[in-house]
Amino acid sequence: MGTTETTSPVDVKWLTEAEQQDWRAFRDGTIRLFDVIAHELDSNSGLSAHEYEVLVRLSEAPARTQRMSELADDLAHSRSRLTHTIRRMEERGLVERSACSADARGVNCAMTELGWTTLVAAAPLHVRSVREHLVDVLTPEQFRALGEAMAAVREHLVSGPCHAATEC
């Protein structure tokens, strides 16, 4: 799955034992890491990990506003998934949607003042969680290597045929 050509099981370049161990360690570690960080974020702030990321991206955008389509791309979310997340956040008063003045077909999403204060309160606790469960567990060299490796994976995925999860 996710490849552009069909191969028979005989043609597959199977993972070596070491590669299999590394793959499973990566998979297990990232699942557990994201689960713990998401749980702590929700417990401390009432925000889901997706809601937190939306607020972070909006906080970095000019006037804390971004087109929904660009926001979905930045977050690697489907348009549908982002729309559901934004609707929940809008109901809580964290964001608001409006028509895009530059393109009548577009919709902007803007962070409200409540969204900003919620992010400001959540950020230190979230950073502490990321540091405790990832950054401080690794050496600076390991963390840098992890960042470089994931940047290469991201570049491969966004520039290749699987640039959106729904397109593979």
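The figures follow:
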{"item": "Matching option when the condition is in contact with a Leu (Cβ under 8 Å, 6 or more places away or on another chain) and either surrounded by 11 or more Cβ atoms within 10 Å (Cβ to Cβ) or among the β-branched types (Val, Ile, Thr) (or both), among Thr139, Thr117, Thr112", "result": "Thr112"}
{"item": "Verdict on Trp14 being surrounded by fewer than 11 Cβ atoms within 10 Å (Cβ to Cβ), more than 19 Å from Thr118 (Cα to Cα), of a type in the set (Phe, Trp, Tyr) and out of contact with any helix residue (DSSP H, G or I) (no Cβ under 6 Å at 6 or more places or on another chain)", "result": "yes"}
{"item": "Search result, residues across region 35-60 that are in contact (Cβ under 8 Å) with a residue 60 or more places away in the chain and surrounded by 15 or more Cβ atoms within 10 Å (Cβ to Cβ)", "result": "Ile37, Glu40, Leu41, Asn44, Ser45, Leu47, Tyr52, Leu55, Val56"}
{"item": "Looking only at region 61-82, and only at residues there that are touching a strand residue (DSSP E or B) at 6+ places or on another chain (Cβ under 9 Å) and either in a helix (DSSP H, G or I) or β-branched (Val, Ile, Thr) (or both), the one that is surrounded by the fewest Cβ atoms within 10 Å (Cβ to Cβ)", "result": "Ala63"}
{"item": "Region 32-60: number of residues that are within 21 Å of Ala110 (Cβ to Cβ), among the polar types (S, T, N, Q) and in a helix (DSSP H, G or I)", "result": "2"}
{"item": "Contacts under 7 angstrom Cβ, first residue in region 124-135 being under 15 Å from Ser43 (Cα atoms) and in contact (Cβ under 8 Å) with a residue 24 or more places away in the chain, partner surrounded by 13 or more Cβ atoms within 10 Å (Cβ to Cβ) and among the hydroxyl-bearing types (Ser, Thr, Tyr), 6 or more apart", "result": "Leu125/Ser45; His126/Tyr52"}
{"item": "Filter result for Asp103 (in contact with a strand residue (DSSP E or B) (Cβ under 9 Å, 6 or more places away or on another chain) and closer than 24 Å to Thr30 by Cα)", "result": "no"}
{"item": "Residues that are assigned to a helix (DSSP H, G or I) and more than 20 Å from Ile37 (Cβ to Cβ), drawn from region 146-163", "result": "Glu148, Ala152, Glu155, His156, Leu157, Val158, Ser159"}
{"item": "Tabulated pairs, region 102-118, first touching a residue at least 24 places away in the same chain (Cβ under 8 Å), second among the acidic types (Asp, Glu) and outside any loop (DSSP other than H, G, I, E, B), C-beta under 6 angstrom, 6+ apart or interchain", "result": "Ala110/Glu96"}
{"item": "Close pairs from region 83-96: first in a helix (DSSP H, G or I), partner of a type in the set (Asp, Glu), Cβ under 7 Å, at least 6 apart", "result": "Thr85/Glu51; Met89/Glu51; Glu90/Glu96"}
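Throughout, read-outs are computed from the coordinates displayed, never taken from laboratory work. Computed from a prediction, not measured in an experiment: that's the story for all the values here. We place every Cβ from the backbone using ideal geometry, glycine too, and count neighbours over all the protein chains shown.
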